[in-house]
Each structure stands twice: as structure tokens, then as C-alpha cells.
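Student: For reference, the structure I am asking about is given below.
The values are calculated or read from the model by the stated rules, or taken from the named source; none is laboratory data. Bear in mind that the values here come from a model prediction, so they are computed numbers and not experimental data. Note that we place each Cβ from the backbone using ideal geometry, even for glycine, and neighbour counts take in every protein chain shown. Accessible surface areas use protein heavy atoms only, side chains included; no ligands, DNA or RNA. Shrake-Rupley method; radii C 1.70, N 1.55, O 1.52, S 1.80 Å.
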Amino acid sequence: MRKAKPNRLLQGLVDEHAQRAGLGLTRHRRTLDAPVGVHVQDRDGGSAKLSFLSNDYLGLAGHPDLRQALADGALQWGAGSGASPLVSGHLGCHADAEAALAEFVGAEASLLFITGYMANLAVITSLLDHADDVVFSDALNHASLIDGCRLSRARVVPYAHGDLQMLQGLLLAHPGRRRLIATDAVFSMDGDQADLGSLLALAELHDTLLLVDDAHGFGVQGPQGRGSVAAANLHSERVILMGTLGKAAGLSGAFVAGDARVIEHLVQRSRSYIFSTSPAPAVAAAIPSALRLIAAGDARRRHVQALRTCLQEMAAQWRFTLPWGETPIAPVLVGEAAVTMTLAAALAQQGVLVAGIRPPTVPLGSSRLRISLSASHQLEDLRTLQSAARMVGFEVDSA
Ligand SMILES: *Cc1c(COP(=O)(O)O)cnc(C)c1O
């Protein structure tokens, strides 16, 4: 038998992995052996830990009503949807969920997606598909918006984070056939919020559409948790809202809501909608229950807000900055990736899990510990976090 040739591709992957490991950039999955919650247990053993990792902002992922709604949905509609929506996968439960979502956010129509990632790809690539089209994108937008921009055939014009003056200049400098401004409503790694009112004013002045990614605002912001667009009181055919159902809503999936003409265009043209199997019927069937829980969630939202305020007071004694904010996402700015990961590991040793976020997720030199608050956290959990932070040297006088 001849000796096999060296597999250069696989060797290349191994080399690349070793290089990443050398830079401390290897990513690890944690296997948790319990439903989503604030107290988690690693499958590999060790003691239970207090988690500030999930996006389950209202604590609904484990809610008995949602579990029941999923079970009922599966019994009524079956386990799988069987096909893509334009073939035979659009069932009554999907149509009902879309109607309920549109009504909840005050839009003419909505369209259900398997993930927010797919929804963002759908909107950007189907609206902009020509070299004369232009998409204006905030520099800190989520990866799914960035990938939507890349995949569209449009010219991509980034603007500095939240810099509306720069955006205005770019809108004047880049005319085009069709134009879209794309922004996170609540920025996922910073927890700060876009000025949606001013963005819409620019969109109207310069005849563009405005895509608002409300992954972290839906369920949390606005009256009855109706989201960031409702919070800003925007009513415009120019606004296209993308909301996810895997975060505050406690389920999975996403929706796009807006003007009926835009939604119809997505049905006709968006490849990530047309060429993918419809969401599991049980998930669609549970959406009205999730919306009821969100609407009735004022106490949960007030509780998260109170936790955020308390965390801000705690952080005043830390040697790292926690920028003031009003969302459940609290970034503790550390700077160096290696220091950030060491701190995250030290906190884990103390039984507290926070996310160490480093490049490429955030810009170089802006690595951070991301604390994600949930209505399931108690004030006592923040005290536990505070003593762990003290143990690993967060406080100024401990330096
Ligand atoms: C999580 C997230 C998405 C993607 O939503 P999925 O449903 O998880 O795919 C999109 N945009 C932002 C800002 C997000 O945080």
C-alpha cells in the first residue's frame, strides 16, 4: 500500500487551533445539566454555580405556562412542521403566532423565523440585492446584521457607534437605489441603547428604511415589554422591527414585523425564509402564551431594573468601569483579553459565572466581563457576586 499523503488541510486546522490557544482565544462550551436558570450545574461535576450568563431576562424559559404550552402545541400540531413555509410548513399555529406578534408590537404584519440570525439575513439580503443599494450599519452591530450586510450585494457603509452626525454625512454622500439603516436597539455587548427617534428622523429625511434589531429589548423595554420601538413611540412604515423569542420571551425563534408590503416582499424573496423548514409547531403554538406572560411582566421588569441599579451602586467601589445603563446587560470594562479571562475564571472559582467577552466579539482592548441580569436573580445573588468580586480583587483598595 502506498503511504498516504499528509493531510495538509487538517494539519492546517490543527496549527490554526494551536495558534489561537497560544493567544488564549480558544472558546469552550459549558455543558449544563439542568434547565435554564440562575443556579447551574456543570455536567462534569463541581459545585453548583450562580450564573449571570443567560439572556433569559424575565426568567420565562423555565416558566410552567410555557412548558405546558409547548407540550400542548406538540400534542395538537405534531413534532415537526414537515416543510418550508411556501411548500406546506405554514400551519395554523404559525399564522396565529404571526398575527399575535404583529398585534403585540403594533405592526401591520409579521413573519416568523427559526432564529434572529436568519431573520436579519432575510431582511437585509432581500431588500438590498444590487450594487447600487446601500446599507448604513452601526459599528457595534450584532454579527447577524454584519453577516446580512456581507451577504447582500449592497455597498456597506459603517458608521461609528451611535454617531448620528457621521451617519447624516454618509447618507448625503451615498445616494443609492434602495437604502437601509441597520442598528441594534440594545447593543448586545454594551447594553446601551440606540437613539431610535433620531435614527427614524434621519431615515425620513433621507428616504431610507430603518431596521431595528430588538433582540435584547423585546419583552424588556417599552410599555408591557412591547419592545424598544414601542418605548420610543415610533409609528412609521419605514421601521422594520426584528425581535427574537429566545431571550426575554423564553422560547426560541424570531420575527420580523412592519409594513405589510415589506413583509410580503420577505415572503417572496428572502432565501433564509423560503429555503428553510418552518419553526417547530410547538414553539409557534407557545408564542401567544409567551406574549401574555411578557405583557403581565411589569413586576419582573421592575425587579430587573432594581437589580441593575443595585449593581451600579456596587460597581462604584470597583476599579473597573461599569458604564451607567438601564438594560439588564451590564459590561464591566477590563481591557486586556487575558486579564478578562483570568478574572472570569477566578470568579468561577468563587462559584459565580459571568461571560468573559474578548475580540473578535468586541474591539481590541475593550475586553469585558458581561453580567446579564434576570428577573430570576435575587438581591442576595448580587451580594454573592459582590463578595466574589471582592475576593478576586475588584475593589479599588484591594489593588
Ligand atoms: C441573539 C441576537 C441575535 C440572533 O438571534 P437568535 O434568535 O439567537 O439567532 C440577533 N441580534 C442580536 C442583537 C442578538 O443579540
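Student: Among the candidates L32, L25, L58, single out the residue that is within 21 Å of the chain's Cα centre (by Cα) and surrounded by fewer than 18 Cβ atoms within 10 Å (Cβ to Cβ).
Tutor: Criteria check complete, one pass: L32.
Student: Can you name the number of the only condition in (1) farther than 28 Å from S152 by Cα; (2) in contact (Cβ under 8 Å) with a residue 60 or more places away in the chain; (3) within 24 Å of the chain's Cα centre (by Cα) that L91 fails?
Tutor: Of everything listed in (1) farther than 28 Å from S152 by Cα; (2) in contact (Cβ under 8 Å) with a residue 60 or more places away in the chain; (3) within 24 Å of the chain's Cα centre (by Cα), L91 misses just condition (3).
Student: On the basis of being open to solvent by 60 Å² or more (accessible area, probe 1.4 Å), of a type in the set (D, E, K, R) and either within 16 Å of the ligand (Cβ to nearest atom) or more than 26 Å from A375 (Cβ to Cβ) (or both), does D96 make the cut?
Tutor: yes
Student: Do we have any residue at all in the range 217-228 that's crowded, with 22+ Cβ neighbours inside 10 Å and aliphatic (A, V, I, L, M)?
Tutor: Yes, that holds for at least one residue.
Here's the yes/no breakdown for (1) within 16 Å of the ligand (Cβ to nearest atom); (2) within 26 Å of S278 (Cα to Cα):
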{"site": "V36", "(1), (2)": "yes, yes"}
{"site": "H39", "(1), (2)": "no, no"}
{"site": "R43", "(1), (2)": "no, no"}
{"site": "G46", "(1), (2)": "no, no"}
{"site": "L53", "(1), (2)": "yes, no"}
{"site": "D56", "(1), (2)": "yes, yes"}
{"site": "Q68", "(1), (2)": "no, yes"}
{"site": "D72", "(1), (2)": "no, yes"}
{"site": "W77", "(1), (2)": "no, yes"}
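Student: Please specify each residue of the range 198-232 satisfying the condition of being within 16 Å of the ligand (Cβ to nearest atom) and of a type in the set (S, T, N, Q).
Tutor: The answer is Q221, S228.
Student: Report, by residue number, each residue of the range 47-67 that is over 15 Å from A248 (Cα atoms), polar (S, T, N, Q) and assigned to a loop (DSSP other than H, G, I, E, B).
Tutor: S47
Student: Restricting the first residue to the range 355-375 and requiring it to be under 22 Å from Y57 (Cα atoms), which pairs with a second residue that is open to solvent by 30 Å² or more (accessible area, probe 1.4 Å) and charged (D, E, K, R) meet a Cβ separation below 7 Å and a spacing of at least six or different chains?
Tutor: From the range 355-375, the pairs are A375/R300.
Student: Residues of the range 336-367 being on the phi > 0 side of the Ramachandran plot and at pLDDT below 95, which ones?
Tutor: Passing the criteria: only G365.
Student: Can you list the helices (runs of 4 or more DSSP H) lying wholly within the range 105-197 that have 3 or more residues being within 16 Å of the ligand (Cβ to nearest atom)?
Tutor: Per the criteria, 116-127, 143-151.
Student: Determine whether P323 is surrounded by fewer than 16 Cβ atoms within 10 Å (Cβ to Cβ), under 20 Å from M189 (Cα atoms), touching a residue at least 60 places away in the same chain (Cβ under 8 Å) and not hydrophobic (A, V, I, L, M, F, W, C).
Tutor: The answer is yes for P323.
Student: Going by the structure shown, is Q378 within 21 Å of H28 (Cβ to Cβ), modelled with pLDDT of 95 or more and surrounded by fewer than 20 Cβ atoms within 10 Å (Cβ to Cβ)?
Tutor: no
Student: Then there's this: Just need a number here: residues in the range 233-266 that are in contact with a Gly (Cβ under 9 Å, 6 or more places away or on another chain) and either open to solvent by 40 Å² or more (accessible area, probe 1.4 Å) or within 14 Å of the ligand (Cβ to nearest atom) (or both).
Tutor: Residues flagged as in contact with a Gly (Cβ under 9 Å, 6 or more places away or on another chain) and either open to solvent by 40 Å² or more (accessible area, probe 1.4 Å) or within 14 Å of the ligand (Cβ to nearest atom) (or both) within the range 233-266 amount to 20.
Student: Which of the residues belonging to the range 330-340 are more than 19 Å from V40 (Cβ to Cβ) and either assigned to a strand (DSSP E or B) or of a type outside the set (S, T, Y) (or both)?
Tutor: Within the range 330-340, P331, V332, L333, V334, G335, E336, A337, A338, V339 meet the criteria.
Student: Any idea how many residues of the range 267-298 are over 16 Å from G89 (Cα atoms), open to solvent by less than 10 Å² (accessible area, probe 1.4 Å) and part of a helix (DSSP H, G or I)?
Tutor: Residues meeting the conditions: 4.
Student: Among the residues of the range 27-44, are any free of Cβ contacts under 8 Å to residues at least 12 places away in the same chain, closer than 30 Å to A299 by Cβ and hydrophobic (A, V, I, L, M, F, W, C)?
Tutor: Yes.
Student: I've got another one for you. Scan D207, D213 and give me the residue that is surrounded by fewer than 23 Cβ atoms within 10 Å (Cβ to Cβ), acidic (D, E) and modelled with pLDDT of 95 or more.
Tutor: Of D207, D213, the one residue that is surrounded by fewer than 23 Cβ atoms within 10 Å (Cβ to Cβ), acidic (D, E) and modelled with pLDDT of 95 or more is D207.
Student: Can you name the residue in the range 158-179 that is within 12 Å of D138 (Cβ to Cβ) and touching a residue at least 24 places away in the same chain (Cβ under 8 Å) and is also surrounded by the most Cβ atoms within 10 Å (Cβ to Cβ) among such residues?
Tutor: Of everything passing the filter in the range 158-179, L167 is surrounded by the most Cβ atoms within 10 Å (Cβ to Cβ).
Student: Oh, and also: Which one is most open to solvent (accessible area, probe 1.4 Å), of the residues in the range 346-372 that are part of a helix (DSSP H, G or I) and in contact with a strand residue (DSSP E or B) (Cβ under 8 Å, 6 or more places away or on another chain)?
Tutor: A348
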